[in-house]
Structures are given as C-alpha cells and as structure tokens.
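Reading through the structure tokens given below for one structure.
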Amino acid sequence: MTIFSCQIGLGIPYLPTNMKEGSGDSNSLVVCFGEMLIDFVPTVAGVSLAEAPAFKKAPGGAPANVAVGVSRLGGSSGFVGKVGDDEFGYMLSDILKQNNIDTSGVRYDSTARTALAFVTLRADGEREFLFFRHPSADMLLRESELDGNLIKQAGIFHYGSISLIAEPCRSSHLAAMNMAKESGSILSYDPNLRLALWPSEDAAREGIMSIWDQADIIKINEDEITFLTGGDDHNDDSVVLEKLYHPNLKLLIVTEGSKGCRYYTKEFKGSVPGIKTKAVDTTGAGDAFVSGILYCLASDRNLWKDENRLREALLFANACGALTVTERGAIPALPTKAAVLKLLHPVASS
C-alpha cells in the first residue's frame with residue numbers, strides 16, 4: 001500500500017482506503033502519552049521574558065501536540081496523561097475533545113496544578129523555556145490511573161522523555177509502554193530534550209537512553225545527537241549508526257530544521273530536503289513533523305521497508321513542520337492535511 005498516488009511533486013497525495021477521514025480503525029489509532037501544558041508565548045519576537053510586554057497563552061506539551069497533529073491531518077488519535085483539576089486543565093482537555101481526540105486516558109489531579117511554560121521567541125524564531133512544575137499534575141500520573149483499554153488499542157504508541165524525569169509518572173510511563181508493546185503497538189519515541197527539567201546533564205542522558213533500545217521508531221534532532229553522544233559530530237553518519245541505532249530499531253529520523261531530515265533503517269539511509277517558509281515561531285515544529293510521519297505510518301505499518309514510500313512520507317512530514325513555524329504557538333499552528341497538500345502542490349490544490 002502506498003501513502004501517495006505517485007512521487008511527491010508528480011501527483012496529488014490521497015488517503016489510503018483504510019484511513020478515511022476520522023477513521024476509527026484501531027490499527028490506525030495513534031495514542032500519545034505524557035505531558036499537556038499551557039505555553040505562554042510573548043506577543044513580540046526577539047525579547048527576553050522580562051522584556052516581553054504581554055503573553056499569549058497556547059495549549060502545548062509535545063505528546064499532546066502530536067495527538068492533535070495526527071487528528072488534524074485526518075487520522076485517529078488518543079491521549080494518556082494528567083492535568084490539574086483547574087481551569088487550565090479543563091481547557092486543555094476540551095481542546096483535545098474539540099480536535100476529535102480520545103480523552104478517556106486523561107486524568108485530573110486536585111493536589112497539583114496544570115504545568116505552565118513561558119517560551120521566549122528570539123529574532124530567529126528559536127525558543128528559550130521557563131517551566132513551572134513544582135510538581136505539576138502531569139508528573140503525578142500513577143500506574144493505577146492508566147487507561148489500559150485505550151493503550152491496548154494503539155496501533156502506534158508515542159511518547160517522549162519528560163515523563164521519565166520523576167515518579168510516579170516514570171513508572172506509569174514504563175508500564176504503559178510495556179502494555180502497548182505486548183499488544184502489538186509500534187513504539188515511537190521523541191526524546192524532546194528539555195535539559196532545564198532534569199536534575200543534571202548526566203541524569204538527562206541516562207534517563208533518555210534508559211528506554212532507547214525498546215523503541216521501533218526514534219526521532220531526534222541535531223542538538224540531541226551531540227548531547228546524547230557526549231559531543232560527537234551530529235552530521236557524521238557513523239556516529240548515528242554506531243552510537244544511536246540499536247538492533248531492534250526499524251527507523252531513526254534526524255530532523256534538521258529548515259534543511260529537512262535524514263533517515264536510517266537497516267537497509268538504507270538518506271536525506272529529504274526541507275520546505276522553506278518564513279519562521280515566526282518554531283514551537284511545535286518537531287511535533288508537527290512527528291504527527292506527519294505517524295499519520296502516514298498508521299496506514300502503512302511497513303513504511304520503513306520501502307525507501308520511496310518512506311521518502312514521500314518524510315517530505316509530507318517536513319511540510320507539516322514548515323507550516324507550523326509560520327504561526328505562534330504549537331497546537332494553534334498545527335496544519336490540516338489540505339494545507340499540507342497545498343504547500344506541496346500549490347497549483348494542483350488551488
């Protein structure tokens with residue numbers, strides 16, 4: 001089965017027959033585990049937090065972003081995580097519902113608040129973070145609160161590393177991951193390094209790598225390669241293959257911002273160019289990319305075995321990321337499939 005009718009650039013992508021809009025096929029369900037929070041983004045770019053005249057609140061949290069991204073593209077997704085029993089928590093849950101995401105895995109904590117993150121936007125669109133999690137509700141998800149039915153339905157189970165930082169969420173993360181694996185889910189891992197949240201660099205490196213060899217698919221960026229390898233050249237394929245490509249891994253993707261991405265499988269490796277857009281805010285771009293590739297993978301579980309199909313899917317994912325940087329905030333900027341197709345095929349889609 002192909003994701004697209006022909007090579008990107010030569011034809012118009014179409015939805016596979018087993019992935020119609022709003023499909024409820026459990027095999028195509030993407031379940032995302034982890035944090036959901038409020039990003040406060042300055043209304044002007046290129047200033048520090050102290051200098052910002054005002055902030056715009058935007059829903060965020062990498063796993064929640066991916067869940068919304070998949071749904072907005074026309075896929076089926078669910079979310080497992082915890083928010084505060086507060087106005088922000090219910091607002092976030094409502095946003096998931098408005099985006100047709102299964103929220104049966106969302107829990108509410110009356111003893112802790114929903115996490116907040118203040119995100120500064122430099123003139124180049126890159127970000128700096130200030131988190132409020134002391135602790136936040138997402139850190140307090142207990143194993144007994146997991147929705148096993150939802151997790152076991154996942155065709156793809158996606159997660160990051162922030163949920164590994166503290167107990168009881170760490171144990172809940174490991175339990176959910178094992179539950180999904182035993183049910184036949186593809187395990188998708190985006191470390192999403194946020195060094196300021198970890199006790200130390202060593203703790204971050206150890207925590208991120210502690211579950212590395214269990215994932216089927218891993219998406220990392222250039223800075224994460226350098227960090228995880230202790231300073232090695234992120235452009236060196238041998239570094240990636242020798243230090244980060246484990247025997248059970250089916251697909252490793254390295255995102256390179258506007259330059260595009262690189263991919264590695266047991267059989268082949270290569271790169272797919274990015275799509276140039278004007279960056280206003282890079283928040284959520286990586287999550288949009290992940291949602292794009294998982295949306296494709298949900299309808300083609302052997303995507304990594306065919307290099308042509310994989311390259312088409314990665315270009316689609318690159319387009320998802322490129323569109324997301326053109327607006328402020330993560331979830332508000334995630335694109336629809338129609339918008340992605342218009343970017344890839346402006347003439348045919350007009």
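The table for this structure:
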quantity	calculated
Per-region count, region 215-230, residues crowded, with 17+ Cβ neighbours inside 10 Å and either assigned to a strand (DSSP E or B) or at positive phi (or both)	5
Qualifying strands (runs of 3 or more DSSP E) (wholly inside region 249-346; at least 3 residues being hydrophobic (A, V, I, L, M, F, W, C), crowded, with 20+ Cβ neighbours inside 10 Å and modelled with pLDDT of 95 or more)	251-255
Region 55-90: number of residues that are under 21 Å from residue 317 (Cα atoms) and not in a strand (DSSP E or B)	15
Enumeration of residues in region 37-92 that are among the hydroxyl-bearing types (Ser, Thr, Tyr) and buried (at least 21 other Cβ atoms within 10 Å of the Cβ)	71, 76, 77
Test result for residue 218, without any contact (Cβ under 8 Å) to a residue 60 or more places away in the chain, under 17 Å from the mean Cα position of the chain (by Cα) and over 30 Å from residue 44 (Cβ atoms)	yes
Conditions (1) at pLDDT 95 or above; (2) in a helix (DSSP H, G or I); number of the one not met by residue 184	(2)
Hits in region 147-190 - residues which are among the aliphatic types (A, V, I, L, M), closer than 24 Å to residue 286 by Cα, without any contact (Cβ under 8 Å) to a residue 60 or more places away in the chain and open to solvent by less than 30 Å² (accessible area, probe 1.4 Å)	164, 166, 187
Candidates 122, 142, 127, 133, filtered to the one that is surrounded by 20 or more Cβ atoms within 10 Å (Cβ to Cβ) and either modelled with pLDDT of 95 or more or within 24 Å of residue 42 (Cα to Cα) (or both)	133
Filter result (in contact (Cβ under 8 Å) with a residue 24 or more places away in the chain and open to solvent by 10 Å² or more (accessible area, probe 1.4 Å)) within region 231-240	237
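The values are calculated or read from the model by the stated rules, or taken from the named source; none is laboratory data. In this text, all values refer to a predicted model and were calculated from it rather than measured experimentally. Virtual Cβ from ideal backbone geometry, glycine too; neighbours counted across all protein chains shown. For the accessible areas, the whole protein counts, side chains as well, though only heavy atoms, and no ligand, DNA or RNA atoms are used. Shrake-Rupley method; radii C 1.70, N 1.55, O 1.52, S 1.80 Å.
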